[in-house]
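J.: I have a structure I would like to understand better, so I am pasting it below and will then ask my questions one at a time.
The values are calculated or read from the model by the stated rules, or taken from the named source; none is laboratory data. It should be emphasised that the depicted structure is a prediction, and the values quoted were computed from it without experimental measurement. Methodologically, a virtual Cβ is constructed for each residue, glycine included, from the backbone with ideal geometry; neighbour enumeration extends over all protein chains shown.
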Amino acid sequence: MLNLDTHILLHALMGDLTRRESALLSRETWSISAIVLWEIGKLAQLGRIAVNLDDPELVRALTRLHTWPLSLDVCRAIRDLDVRGDPADEIIAATSVVHRVPLVTRDHRIRRSKLVPLA
C-alpha cells in the first residue's frame, strides 16, 4: 500500500503522472490521509484546481481509496518530524510514519526527510 499526497492523487486522477510514478502506482494499492480530502475541497473552493466534488466518477474514485484518519498517534508523530511547513503536508507525512506506509510525493522538503518512509 502507498500513501499519496494531495498533488500526486490529483495528478493520478488527471492522468498526469511521471513514468516512474505511473509504474509505482500501478503495482500498489493507494491510500490517503483524511486531510487530502479537505485539501482537495479547499483547492477547488479557492479555484486553484478545476474539480467537481459532485462528479460521480470522482466520488467513486475517492471512495475506493483507503483513507487514514487524523488520529492522536498522527498528531504525536508530527512533533518528531524532521519536516516543517504546510500543516496538511505534516499530517500526510506523519500518517506515513505512524502507519509505516511509503509516501508518494513530489515535495522536496518531505523527500529530504530521514523519518518519512518514501516510495
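J.: Condition test on residue 54, is it farther than 20 Å from residue 105 by Cα and exposed (fewer than 14 other Cβ atoms within 10 Å of the Cβ)?
T.: Answer is yes for this residue.
J.: I would also like to ask the following. Just give me the residues in region 1-44 being out of contact with any strand residue (DSSP E or B) (no Cβ under 7 Å at 6 or more places or on another chain), surrounded by 16 or more Cβ atoms within 10 Å (Cβ to Cβ) and among the acidic types (Asp, Glu), in sequence order.
T.: 39
J.: Right, something else. Got a number for residues in region 108-119 being closer than 17 Å to residue 31 by Cβ and either aromatic (Phe, Trp, Tyr) or assigned to a helix (DSSP H, G or I) (or both)?
T.: Total satisfying the criteria: 1.
J.: One residue is enough: does region 45-68 have a residue meeting the conditions in contact with a Pro (Cβ under 6 Å, 6 or more places away or on another chain), within 22 Å of residue 118 (Cβ to Cβ), of a type in the set (S, T, N, Q) and at pLDDT 95 or above?
T.: No, because not a single residue in region 45-68 is in contact with a Pro (Cβ under 6 Å, 6 or more places away or on another chain), within 22 Å of residue 118 (Cβ to Cβ), of a type in the set (S, T, N, Q) and at pLDDT 95 or above.
J.: Considering only region 85-107, how many residues are assigned to a helix (DSSP H, G or I) and acidic (Asp, Glu)?
T.: Total meeting the criteria: 2.
J.: Okay, next question. Being of a type outside the set (A, V, I, L, M), free of Cβ contacts under 8 Å to residues at least 60 places away in the same chain and touching a helix residue (DSSP H, G or I) at 6+ places or on another chain (Cβ under 9 Å) is the filter here, so list the residues in region 91-116 that pass it.
T.: The answer is 109, 113.
J.: Can you find, within region 75-119, the residue that is surrounded by the fewest Cβ atoms within 10 Å (Cβ to Cβ) among those that are under 14 Å from residue 33 (Cα atoms) and among the acidic types (Asp, Glu)?
T.: Here the residue is 90.
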